[in-house]
1. Does residue 67 meet the test of being surrounded by fewer than 16 Cβ atoms within 10 Å (Cβ to Cβ), assigned to a helix (DSSP H, G or I) and small (Gly, Ala, Ser)?
2. I need the full set of residues from segment 159-185 which are of a type outside the set (D, E, K, R) and over 22 Å from residue 134 (Cβ atoms), in order please.
3. Hey, can you tell me all the residues within segment 88-115 that are farther than 21 Å from residue 48 by Cβ, among the hydrophobic types (A, V, I, L, M, F, W, C) and out of contact with any helix residue (DSSP H, G or I) (no Cβ under 7 Å at 6 or more places or on another chain)?
4. Taking the criterion of being more than 28 Å from residue 193 (Cβ to Cβ) and in contact with a helix residue (DSSP H, G or I) (Cβ under 7 Å, 6 or more places away or on another chain), would at least one residue in segment 61-74 satisfy it?
5. Among the residues in segment 36-58, are any over 17 Å from the mean Cα position of the chain (by Cα), outside the structural domain of residue 152 (by TED's automatic domain parsing) and part of a helix (DSSP H, G or I)?
Amino acid sequence: MLNWIALFLVRYLIEYHYYEPGRAERALPALQTARYDVLGASLTSIIYVAIGFILFTYFLLWRSTIGYELRLTGSNPEAARYVGVSSVKVVFLNFFIGGLAAGLAGASQVLGRPPAWTIYKTLGNVINLGFNGIGVALIGRNNPVGIIFSAIFLGILLYGARFMQYQGIDPDLTVAINGIIVVSLSLPELYILIKRFVAGGR
């Protein structure tokens with residue numbers, strides 16, 4: 001619910017306090033010492049940080065007691081409550097881990113994305129990361145390892161959209177393809193929910 005407040009706050013800070021001289025449409029670039037090393041044309045060492053975070057999340061969720069409580073609460077809240085799992089702790093941990101992931105995603109677009117190394121006043125280089133992340137998570141079946149492959153797949157799809165225009169194809173077609181994939185993956189879960197609802201009604 002604070003999305004719009006955060007958006008306009010960042011726009012205000014960039015426009016009146018942290019704008020780059022001569023480039024009012026964006027903030028001051030990150031310091032040279034704060035940037036990740038460039039490995040290729042647009043690839044930086046932030047990739048190692050992202051993979052490390054994914055591995056950390058995997059071991060946290062599938063190799064720890066806390067991860068078991070998180071997964072149990074997500075799949076069956078009543079069973080989690082029955083065995084004594086604190087819902088308050090689970091909610092806090094979910095927000096904390098989600099905040100870390102969101103912060104890392106935002107930092108990757110500022111500290112790890114040449115050549116601008118900055119954020120634009122419109123937030124055009126970060127504003128859709130959350131929605132793309134939802135699609136990546138669904139395609140990867142909410143598994144940290146699966147998310148690696150789904151992120152690569154979606155990245156290729158979005159990157160290829162730039163070259164589709166040269167062939168006279170609307171690049172928005174990639175958005176539609178992504179939506180079709182997400183809906184297709186959601187149908188089995190929807191069927192299970194409807195089946196449980198019908199069985200409970202009987």
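The values are calculated or read from the model by the stated rules, or taken from the named source; none is laboratory data. This one's a predicted model, so the numbers in the text were calculated from it and none came from an experiment. FYI the Cβ positions are ideal-geometry reconstructions off the backbone, even for glycines, and counts take in every protein chain you see.
1. Values: surrounded by fewer than 16 Cβ atoms within 10 Å (Cβ to Cβ): no; assigned to a helix (DSSP H, G or I): yes; small (Gly, Ala, Ser): yes.
Spelling it out, it is not the case that residue 67 is surrounded by fewer than 16 Cβ atoms within 10 Å (Cβ to Cβ), assigned to a helix (DSSP H, G or I) and small (Gly, Ala, Ser).
2. Filtering segment 159-185 down to residues of a type outside the set (D, E, K, R) leaves 159-161, 163-169, 171, 173-185.
Answer for segment 159-185, where residues must be of a type outside the set (D, E, K, R) and over 22 Å from residue 134 (Cβ atoms): 163, 164, 165, 166, 167, 168, 169.
3. Within segment 88-115, 88, 91, 92, 95, 96 qualify.
4. no
5. No.
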